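The structure appears below as structure tokens.
The numbers here are math on the coordinates, done by the rules we state, and not lab data. Given the structure is predicted, the values throughout are model-derived calculations rather than measurements. Virtual Cβ from ideal backbone geometry, glycine too; neighbours counted across all protein chains shown.
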Amino acid sequence: MNCAQHSDISGAAILSAGPAASTGQAPFHAGLLSEFDREDIGERALGVDERSGYRSILITGGAGFIGSFMVRKMITLYPEYHIVVVDKLDYCGSLNNLRAVKEAPNFQFIRGDITSADFIRFVLHHLKIDAILHFAAQTHVDNSFGDSFEFTKNNVLGTHVLLEAAKEHGIKRFIHVSTDEVYGEVPHDKPACREETILAPSNPYSATKAAAECLARAYHESFGVPVIITRSNNVYGPYQYPEKACSKFICQLLRNQPCTIHGDGSNSRRYIYAADVANAIDIIFHRGTLGQVYNIGSQYEITNLQLAHKLIELFAESRGEDAKVAIQRDIVFVGDRQLNDRRYAVNYQKLLALGWQQTVAFSAGIRKTIEWYRQHGETWWDDITDALIAHPGKRIAPVPTGWWQ
């Protein structure tokens, strides 16, 4: 493996790792992954061959949760693509998420910030980037109430920098990964949101994602940047920093702490396993229509309180405990967040028409997720104690350490 530290033309330090695709190494393949990761790789999008026209693909935020699922998938299934990951390694990102593919000949990692225009231009030009999959974002709603400027900087300015560089460089395809929260709250008596639904974000996080979407669509209309936007339901699975409900409750229970329920726990969300989201984005990237929006959704809906009950029951089963006793012991109600939308729901018929199908049932995905955190939850990131309190404050990323050193 080649490792290097150098500077871009703006003077910002970049750490890069990964041998070049031209070294003559044998292609990376699924057999080199653990059985755990291999199950989540899936298959190549139907109808895609080596003449697709893409050679070098930039994945922003690839050391994060969903982004790393996409990185492992693309490196393994598409050896003809050179995958370049740019990530600034904020508190929720980890090089451990990329450890499984660090020796792949078609992989390169660069530590850098997407809000630096000179840096992004440098990467696109010197690595001859053909396409961009844009995952990098601040995503935790709770944090957006206390540190909203960071969300504007990363989610809006970062996206703007990428779009401008994509316009100048002539990128062939730009996938902007957004969220169902841009639609705002969806009452139970209202239909699930279709892609043409007017956006009505209600918190600083979703507002910045909606603003980024507006920029993406404007660059498509004004300059012809080949943008496609995705909006997904709540995503769960291994490799997620434990600040969201699923991963947080699991890590609290593993520490013999109660699940901290915001408000009365009646807020509901639809959940989808991360590998299913990566499969959807793979299909959208290769077969989606430019200028379109695609919802990525699930029918599995559950309230926060029901989610806590389900997780506690699974833990009680594994420990030979009485579930009712465990539920009484392992739930504590705390003050609600500043604003907590009651429900989100999307209609994803447009994605189904591309040939995508959800493959991982929640019952299977959550057991796999629990097992992963049981093995890795305490060692994958820096100390996660602050993430597990009811209302965590701003977190500063530790100095990254790992295999690139």
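Here are some notes:
- Helix 245-254 and the longest principal axis of the Cα set of the chain meet at an angle near 60°.
- Think of the chain as having a plus end and a minus end, set by charges on the Cβ of Lys, Arg, Asp and Glu; of Val182, His262, Tyr78, Tyr78 sits farthest toward the positive end of this dipole.
- Label-point separation, Gln25 to Lys190 (7 Å along Cα→Cβ), nm: 4.9 nm
- Applied to the range 89-102, the Karplus parametrisation 6.51 cos²θ - 1.76 cosθ + 1.60 on θ = phi - 60° returns per-residue 3J(HN,Hα) values of 6, 5, 4, 9, x, 8, 5, 4, 5, 10, 4, 5, 10, 5 Hz, with x for Gly and Pro.
- For the range 267-381, the Cβ-based charge dipole about the Cα centre amounts to some 280 debye (Lys, Arg positive; Asp, Glu negative; other atoms uncharged).
- Placing unit charges on the Cβ atoms of the charged side chains and taking the dipole of the range 147-236 about its Cα centre, the candidate lying farthest along the positive direction among Phe151, Ala216, Pro204 is Ala216.
- Largest-first ellipsoid semi-axes for the range 210-254, taking √(5λ) over the Cα gyration tensor eigenvalues, angstrom: 36, 9, 7
- Residue among Ile312, Ile229, Phe285 farthest towards the positive dipole end of the chain, charges placed on Cβ: Phe285
- Cross-link pairs beyond the 30 Å C-alpha cut-off, checked among Lys248/Lys350; Lys102/Lys248; Lys88/Lys248; Lys73/Lys248; Lys102/Lys310; Lys153/Lys310: Lys248/Lys350; Lys102/Lys310; Lys153/Lys310
- 5 angstrom amide H check on Ile59, placed H, neighbours 5+ away: Val84, Val85, Val86, Leu133
- Relative pair counts by distance (%), Cα atoms of the range 98-244, 5 Å bins: 2, 9, 16, 20, 19, 16, 11, 5, 2, 1, 0
- What the Cα convex hull of the range 109-194 gives, in volume per residue, is 119 Å³.
- Förster-model FRET efficiency, 41 Å R0, Lys368 and Phe223, C-beta, rounded to 0.05: 0.45
- Within the range 259-334, the GluC sites (Glu not before Pro) that combine a DSSP coil assignment with at most 16 other C-beta atoms in a 10 angstrom radius are Glu321.
- Computed over the range 82-231: relative contact order in percent, which uses C-alpha pairs under 8 Å that are six or more apart: 24 percent
- Fully extended contour minus Cα-Cα distance, from Leu290 to Ser148, at 0.36 nm per residue: 48.0 nm
- If you plug the beta carbon distance of Arg329 and Gln375 into 1/(1 + (r/R0)^6) with R0 = 25 Å, you get a FRET efficiency near 0.55.
- What you get for the chain, charging only the Cβ of Lys and Arg (+1) and of Asp and Glu (-1), is a dipole of about 380 debye around the Cα centre.
- Cα-based values for the range 221-321, radius of gyration first and Dmax second, are 17.5, 61 Å.
- The modelled label-to-label distance between Glu321 and Glu168, using points 7 Å beyond Cα along the C-beta direction, is 5.6 nm.
- Helix axis angle, 362-376 relative to the chain longest principal axis, alpha carbon, degrees: 80 degrees
- Annotation: lysines with alpha-carbon distance below 18 angstrom to Lys172 (same-chain offsets under eight excluded): Lys128.
- Listed by chain and number, the aspartates and glutamates placed with their C-alpha closer than 16 angstrom to that of Lys190 are Asp180, Glu181, Glu301, Asp341; residues fewer than eight positions away on the same chain are left out.
- Take every DSSP beta bridge whose two residues both sit in the chain; close to 20 percent of them are antiparallel.
- Angle between the chain longest axis and helix 274-287 axis [Cα atoms, degrees, rounded to 10]: 30 degrees
- Per-selection metrics, the chain (Cα): Rg and Dmax in Å: 20.4, 62
- All-pairs alpha carbon distance profile, the range 311-386, 5 Å steps from 0, percent: 3, 10, 11, 12, 18, 20, 14, 8, 3, 0
- Phi-based couplings in Hz for the range 222-228 (Karplus 6.51, -1.76, 1.60; Gly and Pro marked x): 7, 10, x, 4, x, 8, 10
- Burial ranking of peptide ranges 53-66, 285-298 (average Cβ count within 10 Å, highest at the top): 53-66, 285-298
- Cα-centred dipole magnitude for the range 131-275, charges only on beta-carbon of K, R (+1) and D, E (-1), debye, nearest 20: 400 debye
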